[in-house]
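The values are calculated or read from the model by the stated rules, or taken from the named source; none is laboratory data. The structure presented is a predicted model; accordingly, all values stated were derived computationally and were not measured. Calculation scope for accessible area: heavy atoms of the full protein, side chains included, ligands and nucleic acids excluded. Shrake-Rupley method; radii C 1.70, N 1.55, O 1.52, S 1.80 Å.
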Amino acid sequence: MMTKTIRLLLLAALIAATGFTGQAFATHISQPVLIDPQTQYAIGETVVLRGRVDYNEQPAPDVLLNFKLTRPDGSAAADQSYPSDQNGLFEFKFDTRNEKAGSYQFTVTSHCLEIHRYACTYKNQTLSIQLK
C-alpha cells in the first residue's frame, strides 16, 4: 500500500511531465455572433436581434443560449433561454411598447453542449441598444 507522501510525489511528477500549468484545457469554444444588429429602435418597435452560434468555429444546432436585456435603471427587461435552431441560428425579440427611452444593454451567452461541459469555454456578446 502506497503512503500518502508517495502518492503526492507521483502526482506531482505526472503533472510536471505533462506540462500542466494549472489552467483548464478548453478544447471546445461556444460563441454567439450577432448578424447585422440594429442598435436604435423607436418606442413601440419590436427589438429583433439575429445571430448564430459558432461552436469550434462552425454553426451548431441545439446550443443553449441565454438572452438578457437590461433597462437603463439596471432592472431586467428580459431574461430568456432557448437553444439555437437546426442551422445554429437564433433570434431574440422584445416588444418595447411599455418601455422608456434610454440605453439598454443586451447580452447573449452561448453555453456548451452537455457532452463538452468540462472541456469548453463559453462566451457572450454584448450590445448597447438605444430606445427613443
Compare Val33, Val53 by solvent-accessible area with a 1.4 Å probe and give them largest first, with all protein chains kept in place. Val33, Val53
For Arg52, Arg97, give me the order by solvent-accessible area with a 1.4 Å probe, most accessible first, ignoring ligands, DNA and RNA. Arg97, Arg52
Mind grabbing the accessible area of Lys93 for me, 1.4 Å probe, Å², rounded to tens? 120 Å²
Accessible heavy-atom area order of Ser81, Ser75, Ser110, highest first, probe of 1.4 Å: Ser81, Ser75, Ser110
